[in-house]
1. Residue by residue through segment 150-184, note down the ones that are charged (D, E, K, R) and either at pLDDT below 95 or within 20 Å of Ala90 (Cβ to Cβ) (or both).
2. All but one of (1) in contact with a Phe, Trp or Tyr (Cβ under 9 Å, 6 or more places away or on another chain); (2) open to solvent by 40 Å² or more (accessible area, probe 1.4 Å); (3) at pLDDT 95 or above; (4) of a type in the set (Lys, Arg) hold for Lys17, so report the exception by its number.
3. Can you tell me which residues in segment 159-198 are over 26 Å from Arg13 (Cβ atoms), open to solvent by less than 50 Å² (accessible area, probe 1.4 Å) and of a type in the set (A, V, I, L, M)?
4. Determine whether segment 104-113 contains at least one residue that is buried (at least 21 other Cβ atoms within 10 Å of the Cβ), small (Gly, Ala, Ser), in contact with a strand residue (DSSP E or B) (Cβ under 9 Å, 6 or more places away or on another chain) and over 18 Å from Pro143 (Cα atoms).
5. Hey, could you check segment 57-94 for residues that are of a type in the set (Gly, Ala, Ser) and free of Cβ contacts under 8 Å to residues at least 12 places away in the same chain and say which is surrounded by the most Cβ atoms within 10 Å (Cβ to Cβ)?
6. Residues of segment 60-93 being in contact with an Asp or Glu (Cβ under 6 Å, 6 or more places away or on another chain) and among the small types (Gly, Ala, Ser), which ones?
7. Being surrounded by 14 or more Cβ atoms within 10 Å (Cβ to Cβ), under 14 Å from Glu52 (Cβ atoms) and in contact (Cβ under 8 Å) with a residue 40 or more places away in the chain is the filter here, so list the residues in segment 125-158 that pass it.
Amino acid sequence: MPPDTAAEPAYSRVMLKISGEALMGGLGYGLHPPTVERIAREVKTVHEMGVEICMVIGGGNIFRGLQGSAQGMERTTADYMGMLATVMNALAMQSALEGLNIHTRVISAIRMDEVAEPYIRRRAVRHLEKKRVCIFAAGTGNPYFTTDTAATLRANEMKCEAIFKGTKVDGVYDKDPAKHADATRYDTVTYDEVLAKHLGVMDASAIALARENAIPIVVFSLDEPGGFRGILEGQGTYTKVSG
């Protein structure tokens with residue numbers, strides 16, 4: 001559909017949260033450049049609609065703090081290492097997006113001025129107003145908080161209208177659809193149901209923060225071509241988590 005006849009997007013500013021594992025493609029570790037570029041192209045299709053886009057990318061494809069802690073590493077150190085992994089992923093995504101001529105800023109909660117901007121809320125908002133994609137890296141800058149919580153925090157600070165959680169399945173199910181053929185997908189589900197039924201959309205802190213600020217979470221398949229844009233046009237399959 002040509003851009004001048006495209007449907008009016010459902011949201012004008014959104015947060016896209018994806019896991020680090022989403023960047024691995026078929027690899028068992030690290031980054032798969034064609035997969036990073038494919039996701040960047042999905043972001044570009046939404047950017048072309050005029051939607052302002054924030055991103056948070058996990059670091060689990062490189063290092064996961066909880067796993068390091070479970071193996072005997074001191075938790076705070078492990079979490080900081082995980083934060084640094086998210087910066088690496090953010091830089092990879094920035095490179096892919098700028099290769100598609102989309103101005104992008106990596107904004108880190110841990111200062112590393114040579115590779116990323118420090119997090120200053122008003123500056124980040126200005127980038128969005130100028131239609132730059134903002135990738136928030138290094139989580140919240142604090143240990144014991146996940147990138148899910150960081151995404152929800154930044155979404156609220158940036159006044160995003162929704163959080164889009166890109167996963168490998170097309171929504172929230174009552175049980176793992178990869179293991180149970182009779183798994184049922186929810187079209188809509190409340191924050192309280194997610195917490196009470198342990199549905200695994202995001203961690204409890206992130207869900208509670210979204211609930212307190214009434215920001216909806218849209219869970220969709222990142223592997224579905226055009227899925228991100230399709231939802232903004234009122235199409236596609238997804239689950240909406242709200243009050």
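1. Of the residues in segment 150-184, the ones charged (D, E, K, R) are 154, 157, 159, 161, 165, 168, 170, 174-176, 179, 182.
Arg154, Glu157, Lys165, Lys168, Asp170, Asp174, Lys175, Asp176, Lys179, Asp182 - these are the residues of segment 150-184 that are charged (D, E, K, R) and either at pLDDT below 95 or within 20 Å of Ala90 (Cβ to Cβ) (or both).
2. Unmet for Lys17, out of (1) in contact with a Phe, Trp or Tyr (Cβ under 9 Å, 6 or more places away or on another chain); (2) open to solvent by 40 Å² or more (accessible area, probe 1.4 Å); (3) at pLDDT 95 or above; (4) of a type in the set (Lys, Arg): (2).
3. Once the filter is applied, which keeps residues that are over 26 Å from Arg13 (Cβ atoms), open to solvent by less than 50 Å² (accessible area, probe 1.4 Å) and of a type in the set (A, V, I, L, M), segment 159-198 yields only Ala183.
4. No, segment 104-113 contains no residue that is buried (at least 21 other Cβ atoms within 10 Å of the Cβ), small (Gly, Ala, Ser), in contact with a strand residue (DSSP E or B) (Cβ under 9 Å, 6 or more places away or on another chain) and over 18 Å from Pro143 (Cα atoms).
5. First, the residues of segment 57-94 that are of a type in the set (Gly, Ala, Ser): 58-60, 65, 68-70, 72, 78, 82, 85, 90, 92.
Subset that is free of Cβ contacts under 8 Å to residues at least 12 places away in the same chain: 69-70, 72.
Details: Ser69: 17, Ala70: 11, Gly72: 7.
This residue is Ser69.
6. Narrowing segment 60-93 to residues in contact with an Asp or Glu (Cβ under 6 Å, 6 or more places away or on another chain): 60-61, 65.
Passing the criteria: Gly60, Gly65.
7. Leu128, Val133, Cys134, Ile135, Phe136, Arg154, Ala155, Met158
Every residue, every condition in (1) touching a strand residue (DSSP E or B) at 6+ places or on another chain (Cβ under 6 Å); (2) farther than 20 Å from Gly230 by Cβ, yes or no:
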{"residue": "Ala151", "(1), (2)": "yes, yes"}
{"residue": "Lys165", "(1), (2)": "yes, no"}
{"residue": "Val172", "(1), (2)": "yes, no"}
{"residue": "Thr184", "(1), (2)": "no, yes"}
{"residue": "Asp187", "(1), (2)": "no, no"}
{"residue": "Asp192", "(1), (2)": "no, yes"}
{"residue": "Leu199", "(1), (2)": "yes, yes"}
{"residue": "Ala206", "(1), (2)": "no, yes"}
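The values are calculated or read from the model by the stated rules, or taken from the named source; none is laboratory data. In this text the structure is predicted, and so the values were computed from the model without any measurement. Every residue, glycine among them, receives a Cβ derived from its backbone with ideal geometry; neighbour counts consider all protein chains shown. Heavy atoms of the whole protein, side chains included, go into the accessibility calculation; ligands, DNA and RNA do not. Shrake-Rupley method; radii C 1.70, N 1.55, O 1.52, S 1.80 Å.
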